[in-house]
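So the structure is just underneath, and the comments pick up after that.
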Amino acid sequence: MTDQERKDLYEEDEKENEAEKTELAERIARQSERMANTYEHVEQGIFRVIRGFSTFIDKFLFNRKYAKAVALALAILMYVIVNYNDIVSVYTTPLKQARELSGVAVTAKYNTETFEISGLPEKCDIVITGDGSYVTSAASSGGTAVADLSGLTEGTHEVKLKPDGFGDSVTVTIDPSTVMVTLKKKTTQQFTLSYDFIHQEQMESIYSAGEPEFDYSKVNVRASRDTLDSIAFVKALIDVAGQTSDFEQDAVLVAYDSKGQPVDVDIVPETVHVTVPVTSPSKTVPVEIQISGEVPNDMAIESITTDQQTVTIYGSEAVLSQISQIAVTLNVSTITKDSTIQRPIVLPAGVNSASINQITMKVTLAAASSRTIDDVKIMYSNNVNSFKASQPENKTTTSVIAYGTENNINAISADDIRVYVDMSNAEPGLQEFPLQVEQPSNGLVRYELTESTYELNVLGESTESSDETGTTDANNN
């Protein structure tokens with residue numbers, strides 16, 4: 001290729017480049033014009049909206065109809081602006097809460113080995129204040145109020161109560177905030193042991209716990225002098241629940257005052273080992289029917305028969321030895337014909353149980369009758385001073401009227417009846433004594449005296465007693 005050709009080719013390329021640049025510039029110009037038109041339209045739209053809103057605001061603000069609403073809105077706006085920080089704090093600060101608790105335990109910190117404390121209340125009231133969640137947690141924490149007596153000496157002191165166990169996130173106010181307490185030095189005194197059986201109702205009634213045997217009979221009690229002086233006895237509490245044979249246990253020791261109230265002291269040791277025998281003492285005794293009242297309609301009791309004549313009773317040997325019979329009461333005032341009656345057995349004090357709980361008796365009636373029995377001897381009773389005595393008229397007998405059925409009263413003789421005078425209050429000299437007659441135990445017959453008094457000349461000298469009357473000796477029967 002010649003130089004001319006290269007030159008011509010270069011000029012053609014330059015012309016093409018110029019044409020392209022011109023076309024690109026024209027496109028950019030057209031696009032800029034379109035964008036300018038768009039911005040103009042948007043700007044005009046915004047101005048129209050602003051003008052419309054402005055017109056609305058003007059009409060609303062300066063319209064008397066909405067003047068009050070506008071004033072209220074402006075007032076609220078101003079209040080919010082001025083109190084912004086306070087309003088924010090309300091919604092950002094946790095809510096405070098207070099809770100009252102009554103009966104909160106009061107404890108004390110002191111040297112329990114050396115001192116005895118008095119005057120400290122057992123309970124107090126508190127108020128817990130703080131964040132709601134913390135207050136709830138503190139109220140259920142089981143905290144206490146503490147009187148710190150550490151370092152204090154013997155005497156009376158005013159001590160401030162402090163909360164303990166409620167946590168550091170709450171404020172606790174205690175009522176009372178201070179207490180007056182007294183510290184007394186402890187001393188030691190020895191006491192002899194006694195005992196009580198507890199839970200006897202849980203031991204089968206046929207069993208009886210005997211005299212326990214202690215490993216040691218004396219214990220040391222440590223307390224203030226005043227407290228020691230108030231102690232009446234120290235008891236080992238022996239639990240007999242469910243025991244049916246000899247047993248051993250460590251019984252708890254408790255000190256009591258004269259009124260039977262426990263005394264708070266240190267007992268060394270706190271328990272005692274005991275061995276307790278368990279027995280089942282029993283005794284068979286007769287059943288006695290004790291009649292009260294009178295059979296109506298001119299009738300009387302001919303006979304009473306029972307399905308059980310004896311009963312076996314259970315209790316301690318000491319109690320059983322004092323019992324010779326078991327009485328069953330029968331009120332006959334409502335019986336009008338032959339009847340079969342059931343009556344409960346009431347156990348004497350100290351008897352744990354019996355082989356039967358009730359008896360069945362058959363009561364037979366017959367027409368009532370009476371009979372006068374003469375020559376009943378008059379006896380002297382309770383002649384504690386062993387006085388001599390004489391009857392001015394040498395009268396030594398009396399008459400007694402017996403009431404009952406014909407068969408029952410005909411079976412009685414004068415020797416079966418005991419008439420007596422009570423000389424327990426006798427004094428020397430001539431005096432009258434009330435005559436008394438002893439009623440039969442079976443209740444089938446009733447006695448009535450024909451005379452109520454008996455005259456005796458009581459001598460100051462004493463003599464041996466006699467069972468008979470009508471002599472110069474008065475019996476002590």
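Just one of the numbered conditions (1) under 39 Å from the mean Cα position of the chain (by Cα); (2) crowded, with 16+ Cβ neighbours inside 10 Å; (3) closer than 30 Å to T244 by Cβ is not true of R343: (3).
Sort through D250, D226 and tell me the only one that's part of a helix (DSSP H, G or I) and not assigned by TED's automatic domain parsing to the domain that holds I117.
Numbers: D250 fails: part of a helix (DSSP H, G or I).
Checking each option against the conditions leaves just D226.
In the set T397, T405, only one residue is surrounded by 13 or more Cβ atoms within 10 Å (Cβ to Cβ) and either touching a helix residue (DSSP H, G or I) at 6+ places or on another chain (Cβ under 9 Å) or modelled with pLDDT under 90 (or both); that residue is T397.
Out of T38, T112, I need the residue that is modelled with pLDDT of 70 or more, more than 60 Å from the chain's Cα centre (by Cα) and either outside any strand (DSSP E or B) or not aromatic (F, W, Y) (or both). Which one?
Numbers: T112 fails: more than 60 Å from the chain's Cα centre (by Cα).
Going through T38, T112 in turn, the sole match is T38.
Of all residues in the range 151-192, those satisfying the criterion of being closer than 16 Å to T107 by Cα and among the charged types (D, E, K, R) are E158, K160, K162, D164, D175.
Just for the range 253-281: of the residues that are part of a strand (DSSP E or B) and touching a Gly at 6+ places or on another chain (Cβ under 8 Å), which one is surrounded by the most Cβ atoms within 10 Å (Cβ to Cβ)? Talk me through it step by step, then tell me what you get.
Of the range 253-281, the ones part of a strand (DSSP E or B) are 253-257, 262-263, 266-268, 271-276, 278-279.
The next check asks that each one be touching a Gly at 6+ places or on another chain (Cβ under 8 Å); those that pass are 276, 278-279.
Details: V276: 21, V278: 16, T279: 15.
Here the answer is V276.
A Cβ distance below 6 Å, combined with a sequence gap of six or more or placement on separate chains, defines the contacts here; from the range 165-178, residues that are in contact (Cβ under 8 Å) with a residue 12 or more places away in the chain reach residues that are assigned to a loop (DSSP other than H, G, I, E, B) in the pairs G165/S141; G165/G143; F166/S141; F166/G143; V172/F166. Condition check for S169 on (1) at pLDDT 90 or above; (2) exposed (fewer than 15 other Cβ atoms within 10 Å of the Cβ); (3) of a type in the set (S, T, Y): one failure, at (1).
Taking the numbered list (1) outside the structural domain of E432 (by TED's automatic domain parsing); (2) in contact with a Ser or Thr (Cβ under 8 Å, 6 or more places away or on another chain); (3) within 30 Å of V419 (Cα to Cα); (4) exposed (fewer than 13 other Cβ atoms within 10 Å of the Cβ) in turn, S321 passes all entries but (2). Per the conditions (1) within 28 Å of K218 (Cα to Cα); (2) charged (D, E, K, R); (3) assigned to a strand (DSSP E or B), the sole criterion not satisfied by E302 is (1).
The values are calculated or read from the model by the stated rules, or taken from the named source; none is laboratory data. Quick caveat: nothing in here was measured; it's all calculated off a predicted structure. As a convention, Cβ positions derive from the backbone with ideal geometry for all residues, glycine included, and neighbour counts pool all protein chains shown.
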